[in-house]
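Let me begin by presenting the structure, written as structure tokens, before commenting on it.
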Amino acid sequence: MQLVVAMFIFSLFVPSNALVNIPYFTVMYLEVYRILLAPLLSRGILSLVFALMSFYRTGATLERAYGSAAFGILVSTVLVGTQAIFITIAFMAALGGDMSAIFWVAQGFWLVVMGLMVIDCVADTNPTRRLFVVQIPSKYYPLVTFALWLVFMGPRMDMACSLMIGYAYAFHKLDWLQPSAERIRQWEDTMLGPVTRRPGYISCSAASGMEAWHMMNNPNAGGYDAWGASAPPASPTPASRPAGPSSAQTEGRTLGGETGRALTR
């Protein structure tokens, strides 16, 4: 996140059009670095603040669920996939007669956050999320957020592409892009060895899977709150008695619906 803030400050002194994803320059001039730099250049300070707040909460849950290495691959998948769809749509629109489409602009950290939000919301064990004073079904929460963005900030094709990638991943259409848990463990034992020893790194073996959402929704049960802070377990009452296995432990809720396979990382 420090890099995103630093790049925003840097963009105040450098023309952002030289770094953001503009399909014409990205493809015709092979300026592929734009795909990687575009998310680091926010459209405004408020947009950046809200994006970082959302990423902090969403990223903490997904990293606990998948592990740090798999989460990094997930972020890369959302980023590159979003940009690829954006470029494809732009050139298809140009072929249809709208030549201005190849000069559309994709930028801002929401390119990553929106897709991750979809994956987080679809997997959430809590069926609803609060938006201001309204409870929204979790799997539709990103769509409502995007609709509000359209009302107050105007249309954003790049964010719509991020939504597409997020839902495609959440409903297991992009699972083939994710390496297996065994492969990730091999990487952690070899080339990622120095990284795994850093404080805060979550190994593939320590990833909590669907339990991450149960812990996030139940901080008083020894989990953590929406901002990643740990909470102590609630003290048992004198009248309490040992409970049987919880549904979160015995029933695997599927990522993206009842018919999908359960998340195992």
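Numbers at a glance
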| item | result |
| --- | --- |
| Check on Tyr24, out of contact with any helix residue (DSSP H, G or I) (no Cβ under 9 Å at 6 or more places or on another chain) and surrounded by fewer than 20 Cβ atoms within 10 Å (Cβ to Cβ) | no |
| Residue among Gly166, Gly193, Gly244, Gly252 that alone is open to solvent by less than 40 Å² (accessible area, probe 1.4 Å) and either in contact with a Pro (Cβ under 8 Å, 6 or more places away or on another chain) or at pLDDT below 50 (or both) | Gly166 |
| Count of segment 96-135 residues which are in a loop (DSSP other than H, G, I, E, B), of a type in the set (Gly, Ala, Ser) and touching a residue at least 40 places away in the same chain (Cβ under 8 Å) | 1 |
| Boolean, Arg64 is of a type outside the set (S, T, N, Q) and surrounded by 22 or more Cβ atoms within 10 Å (Cβ to Cβ) | yes |
| Single residue of segment 154-194 satisfying the filter (over 23 Å from Ser138 (Cα atoms) and aromatic (Phe, Trp, Tyr)) that is nearest to the chain's Cα centre (by Cα) | Trp176 |
| Filter result for the condition that a residue is closer than 13 Å to Thr58 by Cβ and of a type outside the set (D, E, K, R), over Ile119, Ile165 | Ile119 |
| Some residue of segment 64-77 being among the charged types (D, E, K, R) and modelled with pLDDT under 90 | no |
| Scan of segment 56-94 for residues that are touching a residue at least 60 places away in the same chain (Cβ under 8 Å), of a type in the set (S, T, N, Q) and closer than 19 Å to Ile202 by Cβ, ordered by number | Thr58, Thr61, Ser68, Thr77 |
| Residue in segment 81-93 that is open to solvent by less than 30 Å² (accessible area, probe 1.4 Å), closer than 30 Å to Glu188 by Cβ and either of a type in the set (Asp, Glu) or not in a helix (DSSP H, G or I) (or both) present | no |
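The values are calculated or read from the model by the stated rules, or taken from the named source; none is laboratory data. Worth saying up front: this structure is predicted, and the values here are computed from it rather than measured. Because the Cβ atoms are built from the backbone with ideal geometry, glycine has one as well, and the counts that use them run over all protein chains shown. The protein model used for the area step is the full one, side chains on, heavy atoms only, and it has no ligands, DNA or RNA in it. Shrake-Rupley method; radii C 1.70, N 1.55, O 1.52, S 1.80 Å.
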